[in-house]
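Inspection log for the structure reproduced underneath, given as structure tokens.
Every number in this text was worked out from the coordinates using simple rules, so none of it is lab data. Just so you know, these numbers come straight off a predicted model, no measurement behind them.
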């Protein structure tokens, strides 16, 4: 499972649609064992050399998207495992954090598929 369902929900919700409504098309999809949410400040994102080249890479819109990711994470918090990774840190630190959580997941992952929502 990749970010497809989650990003589709939050990008559509950031355009003004209701979060619940945005979740409906993906109802019943397999639920990932974990979601790594890579959280970065808008200031850091805007300084990246490629930032702004994509149609959705406008600061105001990206702030809304980030807010919707936070809302979705709170909404799903009780039955989804979201791991927030602070990507404002050095890349080696980010890599270490992801590997640590991923290795833990390999040991403790459930054996059966569950539904997304």
The chain: most fluctuating residue of 64, 45, 106 per GNM, C-alpha cutoff 10 Å: 106
Option label - Kirkwood radius over Cα pairs in Å computed here, alternatives (i) 15.0; (ii) 15.6; (iii) 17.6: (ii)
Relative contact order (%) - criterion: Cα under 8 Å, at least six apart; region: region 5-116: 42 percent
Helix-only [θ]222 nm of the chain, DSSP H runs n ≥ 4, -39500 (n - 2.57) each, per residue, nearest 500: -15000 deg cm²/dmol
